[in-house]
Amino acid sequence: MATLGTTAIGQRVRVVEAKLEADVAAWLAAVGLAAGEEVTVLRRAALGGPLHVRLASGGELAIAREVANEIEVQVELENENENENENENESEVG
């Protein structure tokens with residue numbers, strides 16, 4: 001299964017499970033990153049640094065790459081920009 005750490009920049013995913021120590025998992029849940037949450041990867045820091053992500057609930061945070069690699073995600077959500085472009089193309093054709 002894919003992880004948040006391997007998710008492409010701009011890709012929206014849904015969190016499936018976080019295989020982390022209890023205190024780290026509790027912190028993530030407290031800031032809104034829990035199973036079922038939609039997440040978009042905004043940036044990756046150089047040299048294996050943290051990921052900057054946006055939660056569908058509105059928050060943004062940085063997550064250590066090591067932590068992100070332990071968060072399983074489902075890659076089924078389309079990129080928001082691709083959706084907008086498809087809608088624009090359909091309206092132009094019709």
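The values are calculated or read from the model by the stated rules, or taken from the named source; none is laboratory data. For clarity, every value in this text was computed on a predicted model and none was experimentally measured. Ideal geometry is used to build each Cβ from the backbone, glycine not excepted, and the neighbour counts take in all protein chains shown. To get the accessible areas, we keep the full protein, side chains included, count just its heavy atoms, and leave off ligands, DNA and RNA. Shrake-Rupley method; radii C 1.70, N 1.55, O 1.52, S 1.80 Å.
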### Task
Being in a helix (DSSP H, G or I) and closer than 11 Å to residue 63 by Cβ is the filter here, so list the residues in region 12-31 that pass it.
24, 27, 28
## Note on the structure
Listed by first then second residue, the pairs whose first member lies in region 1-21 and is under 13 Å from residue 35 (Cα atoms), whose partner is β-branched (Val, Ile, Thr) and open to solvent by 40 Å² or more (accessible area, probe 1.4 Å), with beta carbons under 9 Å and at least 6 positions apart or on separate chains, are 13/75; 14/75; 18/24
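Assess whether residue 46 counts as being at negative phi, open to solvent by 70 Å² or more (accessible area, probe 1.4 Å) and of a type in the set (A, V, I, L, M, F, W, C).
When the stated conditions are applied, residue 46 passes them.
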